[in-house]
Amino acid sequence: MLIFGAIFGCLEPIATIAAAMSEKSPFSTPMSRKDEANLAKFALAAAHSDHMTIYNAYLGWKIARSEGTRAEMTYCRKHFLNRTALMTMEDVKQELIRMVEQAGFIAPKTGRAPRSRPGSDSKALGPLSKQDISVLSAVLAAGLYDNVGRILCSPSPDVQERVMCVVETAQGKANVHPSSVNRFLQTHGWLLFQEKVKYSKVFLRDTTLISPLSMLLFGGDIDVQHRERLISLDGWIYFQAPVRVGVIFKHLRKLIDSLLERKLANPKMNLEDEKTIQMIIELIKSDSRL
C-alpha cells in the first residue's frame, strides 16, 4: 500500500492511514458519553470512510497544533481525540515515510512523493478533494482488497428508522461495527474493511466505500465471461459490463505489474513522468466526476 501511495503521489495521507491501522484508534469513546463521542466522530466523517475520517481528524489536529497547545487541547476535547495516540501516529507515519525513502521510492527528506496532493505539507493542510479521495480509495483497495464485501442495501420504508449496514463477504454476512461512520450506510456498493471481530455477531471494523473501478484495477483475478457479458473477480464478485471493459482492465493490470517489477528491480527509476501512471491516475480521478 505504501509503494502504491508513493507511485500515485499520495504517500503522506496513505502513510498516515497506515500508521493509524497499526496503532490504537485516536478516537476515544467514554462509556458515559458514548453518544457525544459518536456525534463528534461523525462531524469529522469523510467519504463514507473510517480511514479518511481518521485522516481528516489528523489534519484538523495538525492545524490546531500549529496554533498552540491550548488550541490543540481544545480540538482534542471537542472531537474526543486521544492526543497521545495522534502523536504516536505522527511518529509512525514519519518512520514509514523514511522507510519508503530509504528503499528509493521517493526522494529523501521530501516526506512525500513527487506528485503529492496540494496541502500534504503540514504548513498548508486543507480538506481532501473528490479527486484526492478517489486516488486514496484506490490505493486503499490495492492494500486491503482481500477484505472486501458487497453492501446488502435494505433501507427501511420509514425514513426515520436507521438500519444497520450488512455486508456480504467471501466468508458470509457481517454487520458494520457500531463505531464505524458507515454503520447506517444504505447504498449499493462495496466496502473495504480492516478486520473482522466476533461478538454476538460478526462485525467489520474500519470500513471504506470503494468503487468498482478500484476493484477492477487492484482486486483479485479477473475472468471475462464473454457469453454472459460478465466480469468476475476471484469467482464471487461480478460486474455486468461489455467484454472489452474486462479486456482493458486486464491489460492495465499487466502494465501496472510490469512497472512495479521494474521499479522494484530499480527503486531509483523515476516514474513521475511515466505515461502509464499518469493515465491510470487520470482514470481514477475521472471516477470522482461520474
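The values are calculated or read from the model by the stated rules, or taken from the named source; none is laboratory data. Worth saying up front: this structure is predicted, and the values here are computed from it rather than measured. Don't worry about glycine lacking a Cβ; one is built from the backbone with ideal geometry, like all the others, and counts go over all protein chains shown.
Could you list all residues from the stretch 170-193 that are of a type outside the set (A, V, I, L, M) and surrounded by fewer than 18 Cβ atoms within 10 Å (Cβ to Cβ)?
Within the stretch 170-193, GLN171, GLY172, LYS173, ASN175, PRO178, SER179, PHE184, GLN186, THR187, HIS188, GLY189 meet the criteria.
Filter the stretch 129-170 down to the residues that are in contact with a strand residue (DSSP E or B) (Cβ under 8 Å, 6 or more places away or on another chain) and of a type in the set (Lys, Arg) and list them by number.
Answer for the stretch 129-170, where residues must be in contact with a strand residue (DSSP E or B) (Cβ under 8 Å, 6 or more places away or on another chain) and of a type in the set (Lys, Arg): just ARG150.
Quick check, is ILE256 aliphatic (A, V, I, L, M), modelled with pLDDT under 95 and at negative phi?
On the way: aliphatic (A, V, I, L, M): yes; modelled with pLDDT under 95: yes; at negative phi: yes.
In short, yes.
Take the conditions in a loop (DSSP other than H, G, I, E, B), touching a Pro at 6+ places or on another chain (Cβ under 7 Å) and either outside the structural domain of ILE17 (by TED's automatic domain parsing) or modelled with pLDDT under 95 (or both) and apply them to VAL159. Does it pass?
no
Within the group LEU216, LEU204, which residue is assigned to a strand (DSSP E or B), free of Cβ contacts under 8 Å to residues at least 60 places away in the same chain and within 16 Å of the chain's Cα centre (by Cα)?
Only one candidate qualifies: LEU204.
Identify the residue in the stretch 120-145 that is among the charged types (D, E, K, R), under 23 Å from ILE277 (Cα atoms) and surrounded by fewer than 18 Cβ atoms within 10 Å (Cβ to Cβ) and, among all such residues, is modelled with the lowest pLDDT. I'd like the intermediate steps shown before the answer.
Step one: of the stretch 120-145, the residues among the charged types (D, E, K, R) are 121, 123, 130, 132.
From what's left, under 23 Å from ILE277 (Cα atoms): 121, 130, 132.
From what's left, surrounded by fewer than 18 Cβ atoms within 10 Å (Cβ to Cβ): 121, 130.
Numbers: ASP121: 45, LYS130: 91.
Residue satisfying both the conditions and the ranking: ASP121.
Kindly check whether there is at least one residue in the stretch 228-236 that is on the phi < 0 side of the Ramachandran plot and basic (Lys, Arg).
There is no residue in the stretch 228-236 that is on the phi < 0 side of the Ramachandran plot and basic (Lys, Arg).
Give, as residue ranges, the helices (runs of 4 or more DSSP H) completely inside the stretch 4-81 that count at least 3 residues that are under 14 Å from the mean Cα position of the chain (by Cα) and crowded, with 19+ Cβ neighbours inside 10 Å.
Passing ranges, in order: 11-22, 50-66.
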